[in-house]
Every structure is written in structure tokens, then in C-alpha cells.
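One structure below.
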Amino acid sequence: MPSLEHVALWVSDLDAMCAFYAQHFGARAGPRYENPRKGFASRFVAFEQGGRLELMTSSTLAPVVHEPGAQRMGLTHLAIALGSEAAVDALTARLQAAGTPVLDGPRRTGDGYYESVVLDPEGNRIELTA
């Protein structure tokens, strides 16, 4: 049966992004892989309950500038399940106190999710769900 193995994100600051996901979500950052010939480096961050992000950087790509949190075609958010409404409330409050932008919530959505939406350091949307 197929399963989602990982999602890859191009990032500007590989170490800062790994630190954010490790600090706030308990993800384990793996070793840095580099291919100097291609100007490429990456690290996987693995979540305790499964799922991984491959954070990648490249010296050959020009950044595409979007307003932080902007809706756009393609990947629009990552959803991270926290297990309870209390966990969503608590992490949202900790992230906001640490200066992380909170775009919405916590709230119950029309389709029944209890969530908040925050931004990671590079402006990617993260849904924190119960």
C-alpha cells in the first residue's frame, strides 16, 4: 500500500529551518548531505510519529519571492497533527510568544478541524491540527 514518505522544501537557511522544526515540533534533524558540484545541500527532519521533511538549499536557484504566508499554486501548507485541541492551543501560544506569526486560530473550521495556522521562518504555512 503506498504511503507518503516525505515532502521536500527548497529553503534559504537550511540550519535555521532544521532548528525551527526540531525546537517546536520535536523533529530529529539528520546529517547534512552536500553535493558541491551541483551547489546542493539537504537535511531530513523526521517527526516522532512518522513523516519527514527534506529541507534543501541550492546555490543555483534564484529565490521566488512571495509574501510570507501568501496563497499560491502548488504546495500551500503542511498540516501537523498534535493530538488534541489543548495541544494546538498550547503550541500556538508558545510559537506566538517566540515571535512566530500566527495567521489564524486556534479555531474550528467549517469542515470540522480544530486548527491554527502559523508560519515557519521562511513564510511557509503550517496547520497545527488536533
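The values are calculated or read from the model by the stated rules, or taken from the named source; none is laboratory data. This one's a predicted model, so the numbers in the text were calculated from it and none came from an experiment. No Cβ is skipped: glycine too gets one built from the backbone with ideal geometry, and neighbour counts run over all protein chains shown.
In table form, for the structure just shown:
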item	result
The stretch 53-73 residues that are closer than 21 Å to H6 by Cβ and touching a residue at least 12 places away in the same chain (Cβ under 8 Å), paired with ones that are aliphatic (A, V, I, L, M) and part of a loop (DSSP other than H, G, I, E, B) (beta carbon under 6 Å, 6 or more apart)	L55/V11; T57/V11
Among the candidates G51, G83, residue that is under 22 Å from E127 (Cβ atoms) and either in contact with a helix residue (DSSP H, G or I) (Cβ under 8 Å, 6 or more places away or on another chain) or outside the structural domain of P121 (by TED's automatic domain parsing) (or both)	G51
From the options D104, D120, D89, D111, residue that is of a type in the set (D, E, K, R), over 15 Å from the mean Cα position of the chain (by Cα) and surrounded by 15 or more Cβ atoms within 10 Å (Cβ to Cβ)	D89
Filtered residues of the stretch 47-70 (kept if assigned to a strand (DSSP E or B) and either within 26 Å of L103 (Cβ to Cβ) or of a type in the set (K, R) (or both))	R52, L53, E54, L55, M56, T57
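Yes/no matrix, rows are residues, columns are (1) assigned to a loop (DSSP other than H, G, I, E, B); (2) in contact with a strand residue (DSSP E or B) (Cβ under 8 Å, 6 or more places away or on another chain); (3) not assigned by TED's automatic domain parsing to the domain that holds A8:
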{"site": "P31", "(1), (2), (3)": "yes, yes, no"}
{"site": "E34", "(1), (2), (3)": "no, yes, no"}
{"site": "F44", "(1), (2), (3)": "no, yes, no"}
{"site": "L78", "(1), (2), (3)": "no, yes, yes"}
{"site": "T92", "(1), (2), (3)": "no, yes, yes"}
{"site": "V117", "(1), (2), (3)": "no, yes, yes"}
